[in-house]
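Peer 1: Sharing a structure, written as C-alpha cells. Questions coming.
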Amino acid sequence: MSAVKAEQQEIDNAATLIGMSNNDDQYLTFILDNEEYGIDILRVQEIKGWDKVTRIPNTPEFVQGVINLRGSIVPIIDLRQRFNIEKLEYGPTTVVIVLRVQDEDSDCIMGVVVDAVSDVYNIAKEQLREIPPSFSSSIMESVRCIATVNEKMVILLDVDHLLNADELTALGSIDT
Amino acid sequence: MGIDITQFHQIFFEESFEGLEAMESALLDLSRGSGNSELIHEIFRAAHSIKGGSGTFGFSAVSEFTHVMETLLDEMREGQREINESALNLLLESVDVVRGMLEAARDGGVLEADRVAATQSRLEAMLNGDDIVVQASSSMAGQQDIHKGWQIDFKPYPELMKTGNDPVLMFHELAEMGELKVVVDTSGIPSAAHFDPEECYLSWKLSLMGDVTEEQINEIFEWVDGDCDLTINPIAVEDSDQIAAAQVETGSHESCAVAQAERQPATDRQADEAAPNQGERRAVAESSIRVNITKIDELINMVGELVITQSMLGQVGSELENVDSSKLEKLRNGLVQLERNTRELQESVMRIRMFPISYSFNRFPRMVHDLSSQLGKKVELKISGEATELDKTVMEKISDPLVHLVRNALDHGIETPDARVAKGKPETGVVHLNAYHKGGNIIIEVSDDGGGLPADRILAKARQRALIADDEPLTREKTLDLIFEPGFTTAEELSDVSGRGVGMDVVRRNIRDLGGSIEVTSEQDKGSKFTVRLPLTLAILDGQLLSVGSETFIMPLISIVESLQLDCDLINTVAGQAEMYRLRDDYVPVVRLCKLFGIKPKSMSLQDGLLVVVEQDGMRIGLLVDELLGQQQVVIKSLETNFRRVEGLSGATILGDGTVALILDVGGLIAMSGRDPASGPPHKKEQAA
C-alpha cells in the first residue's frame, strides 16, 4: 500500500517538475524517428516551416544556426541530432516548433526541428508513468515521464532541460 | 473630496529624492569648505519643498521633521547661525532620516520611529541653544514681524481641486497655527444642472488670530500658487511696510467678479516681487520634462527597426534597373534623403539616453566621507571627467561594480594614516575616479595611491586554494588577474565592507555582461588602478559587410585599420604554421577566418582573398576574407538573449533582405587565433586555460 503511495508521490513530483498541475494537461506531440514525443503546450509559441538559417561557427552540430523571427535572433536546434539520431534532409515539409524555454533567471526562445507535428492531447496525471532511473544520461534527463495515449506510447519531454543553454555549452566542445 | 491624491505621490517622491540628493551634495561641498553661500539657499529650498509637499500629501511626520531642519537652515542662511561641522553633520544625518521616512512612506515599509525622534530632538536641541545664535536685524520686510492676526481672502480657481489640492487640508494647517475663523462664500455655485463635482465654486474669507508670520501663511498656500486668488491682510498693522509686501496674487480671473467685489483693497507690490521668483521657478521647470523610461526604450526600438527598414529600401533601390529612369532618379534621391533623415533621427534618439556619468559619481563623495571615518583613514576623493556621457542603462548597471571598486580601494588599498606616514607618503590618501571617451568606448578608471595589490599574497592564496598548480609560473599580470576568480580574497578577516570574496568576480561578470572589460594594474606601495572599458552605444554600429565562403559577416568599422589586397611577396611563414604579412614597417599576423570558423572559403589561395587589418587593445591582426561587400549601419541584436555568448562574435543583425548576419568581435578573434596556431600567430605568452 505504501509503496503505491510512494510511487504516486514520485509521479506527482515528476509531474510538478514538468510544470503540470491538477489532473489534465495539454501536450503538443510530434514525431521524431517514428517515436511520438510530447511537450507542454503552454511552452509552444508557434509552429513554422523551415527557413534559411545562419550558421554559427564553433557550436555543436545539433545547433543549426539562428533565424530572424520577427526581429529576434532565435537559435534552431535539430532534435534528431540532439538525440544522436541521424539528421534528415530538410525540405518544404520540415517543421520547426518555436518554444519558450525557462532558465533559472531568464526566459528565452528557441526552435526545434522535428520530423512532423502530430496532435494535441489532454493527458491526465494518472496516465503518467515514470522512467526507471537506471537509464541516466544527460539526454535521458530531459525525458520526464511516459504516457499511454490511444494505446501508443508518448514520451513527455522537459523543455527546460532539453534546451538549457548551459547544457548546450557543455555538450559543445568550444567554449569561452 | 473624492479625488485620489495618490496618483501624484510618485512625482512627489521622485522630486523629493532628487531634492535630498541635491541637499546631500551641497552639504558635502560646504563641509569640504568648497561651497559658496548660494549653497545654503539651495539646501534650504530643497528642504522647504519637501516640507510643503509632504504636508500637502498628508505625510505629517516628514513635514514636521523637515520643518525643524528648515528652521535650522533658515537661521543659517540669514547669517544668524554659524555653519559649522557639527551642524552640517547633523543635517547630513537628517537627510538620511528623511530619506528613510520617504522610502517607508513610498514602499509601505517600517518607519524607524526611534531614529526619527532621536535625530529630531537633536535638531531641536541645536536650534534652542547649544550653538551660538547671532542676533541680527531681519533684512527682508515682514520676515520676523508678528501680528495679532491676518485676514485671508482665498478664492481658488475652479480647477484647483484637479491639481490634487484640498482647501480643507490647508485650513487645518492654518488652524494649527492660531485661532481660525472661516466664512465660506457659496454664491459661486451654479445650478445642479451645471454643477461639475470636480470643480471648485467656493471661496472663503478666513481670519487667523495668533502669533503667526505672513511667511507661514504663504507657505501653506504655496502649493496652490497660480491656481487661486489669495490676499493676506494683517488685522493689526504694526509696521507700514507690511501691507506692501503682503500679497501673493498671481493673476486675475474674470469669472470671479463676485469675490473681487468683496475683496479689500490693498496695495499691490506683488507683480514685481513675486513674479521674478515664480518666473524663475517656472523657467527651471520648463527646461526639462520627466519621461517614463519604457517610453524611451520603445522609441529607441522603433528607431532601430526604422534603420533596418530604411536599409532594406536602400538595398532595393540600388538594385532597381528596369524602371523608367526619371522615376528611378527620383526614387534614388528620395532614398538618399531618407537615409540622411534616419541617421539624424537615430543619433538624436540615442542621445536622449545619454547621461553624464556624474549621476553615478555623485554617490561617492558621501560614501567616501562616511567610509573613511568608519575605517579611520583619511581619504580624499578626486573626480574627473564627470561630464562624460554614457547610456543610462549602462550607467545604472555600472554603479554597483564601481561602488565595489571604490570600497575595495578604501578598505584594502589605502593604508592607515600612520602606515602612510611611515612609508613617507602624505597622511591623506587619494582615490581618483576618472572617465573619458576613447574609440567607441567609455573608459572609467578607479585608482588609488595606496599599498598596491600584494602579488605574493595573491599567489600564495591562489596556490592555497588550488586555483593554480604549485609550481606554475605566472606573470605579474596573470597574478593580478587572479583576484577576479570567484571566492578569492586575501583579506585576513571578513568585514562589513569587504572580504567576503564574492565581489570581484561579480564585478567582472557584470562588466562583461555589458560588453565591456576590466583590467587592473598595480605597483607595490604606489597604488592600484582598475580600468573599466564599456561600449558607448549598445544598439547600433557602422559595419563593413564581408563574405567568407557563403557566409556574410559584419566587422565594426571602428575596428578596421585598413583593407588591402595581398601582395604575396610580403608574406612570411613562421615555423611552417603562422603567416605574417609585412605592412609597411610592421608585421601583421594573417588569420584565416575560414579556418577559425570552419567555413569553406571561395579560395584558399592568398591572392584571391582580401586582408582586413583590424585592431583592438593595441593588438592587430589581418583577417583573410573572400570579398568586401557594402558598408551599412546595423542594429545589434543580442545572441545571448536566446542563445549564448559565442567567442569571436559580438552579436548578430538582420540584413536588408531579412537574413541574419553575425557581427565579429575583434577581441575574441584575437584570442581565438592566439590559441590555434594554424590560423594565426605563434604563442607569445603562456596561455591560462
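The values are calculated or read from the model by the stated rules, or taken from the named source; none is laboratory data. None of these values were measured; they are calculated from a predicted model. Methodologically, a virtual Cβ is constructed for each residue, glycine included, from the backbone with ideal geometry; neighbour enumeration extends over all protein chains shown. We work out accessible area using only protein heavy atoms, side chains counted, and drop any ligands, DNA or RNA first. Shrake-Rupley method; radii C 1.70, N 1.55, O 1.52, S 1.80 Å.
Peer 1: Count, for each residue of B:643-655, the Cβ atoms from other chains sitting within 10 Å of its Cβ, then give me the mean as a whole number.
Peer 2: Average neighbour count from other chains, rounded to a whole number: 6.
Peer 1: P(r) for segment A:42-121: what percent of alpha-carbon pairs falls in each 5 Å bin, starting at zero?
Peer 2: Taking all Cα pairs of segment A:42-121, the binned fractions are 3, 14, 25, 28, 19, 9, 2, 0 percent.
Peer 1: Tell me, what does the Kirkwood hydrodynamic radius of segment B:5-135 come to in angstroms if you use every pair of distinct C-alpha atoms?
Peer 2: 14.8
Peer 1: For segment A:19-71, restrict the atom set to alpha-carbon positions and state the Rg and Dmax in Å.
Peer 2: 15.1, 44
Peer 1: Which order do B:Arg509, B:Arg592 take when ranked by solvent-accessible area (1.4 Å probe, heavy atoms of all protein chains), largest first?
Peer 2: B:Arg509, B:Arg592
Peer 1: Please state the equivalent ellipsoid semi-axes for segment B:544-689: what are the square roots of 5 times the Cα gyration tensor eigenvalues, largest first, in whole Å?
Peer 2: 25, 18, 14
Peer 1: At a Förster radius of 22 Å, what calculated FRET efficiency corresponds to the Cβ-Cβ distance of B:Arg115 and B:Glu176, to the nearest 0.05?
Peer 2: 0.30
Peer 1: I'd like the mean, over residues of A:67-79, of how many other protein chain beta carbons sit within 10 Å of each residue's own Cβ.
Peer 2: That average works out to 4.
Peer 1: Here's something else I'd like to know. Could you order peptides B:644-650, B:210-216 by the average number of other Cβ atoms within 10 Å of their residues, highest first?
Peer 2: My ranking of the peptides, most packed first, is B:644-650, B:210-216.
Peer 1: Mind jotting down the three principal axis lengths of segment B:356-436 based on Cα atoms? Whole angstrom, largest first.
Peer 2: In descending order, the Cα extents are 44, 21, 16 Å.
Peer 1: Tell me the label-point distance for the pair A:Glu126, B:Ile289, using the 7 Å Cα-to-Cβ offset, in nm and rounded to one decimal.
Peer 2: 6.4
Peer 1: Taking 1 over the mean of 1/r across every pair of different Cα atoms in segment B:293-353, what Kirkwood radius in Å do you get?
Peer 2: 12.7
Peer 1: Sorted by average packing, counted as other Cβ atoms within 10 angstrom per residue and highest first, what order do B:167-180, B:401-414 take?
Peer 2: So the order, starting with the most tightly packed, is B:401-414, B:167-180.
Peer 1: Just checking the output field for A:56-63: average partner chain Cβ neighbours within 10 Å of each residue's Cβ?
Peer 2: Per residue, the number of nearby Cβ atoms from other chains is 5 on average.
Peer 1: Compare B:Asp400, B:Asp225 by solvent-accessible area with a 1.4 Å probe and give them largest first, with all protein chains kept in place.
Peer 2: In descending accessible area the options line up as B:Asp400, B:Asp225.
Peer 1: When ranked by the protection proxy of mean other Cβ atoms within 10 Å per residue, highest first, what sequence do the peptides A:68-75, A:116-123 form?
Peer 2: A:68-75, A:116-123
Peer 1: List the equivalent ellipsoid semi-axes of segment B:356-535 in whole Å, largest first, each obtained as the square root of 5λ for an eigenvalue λ of the Cα gyration tensor.
Peer 2: One finds semi-axes of 25, 22, 14 Å for segment B:356-535.
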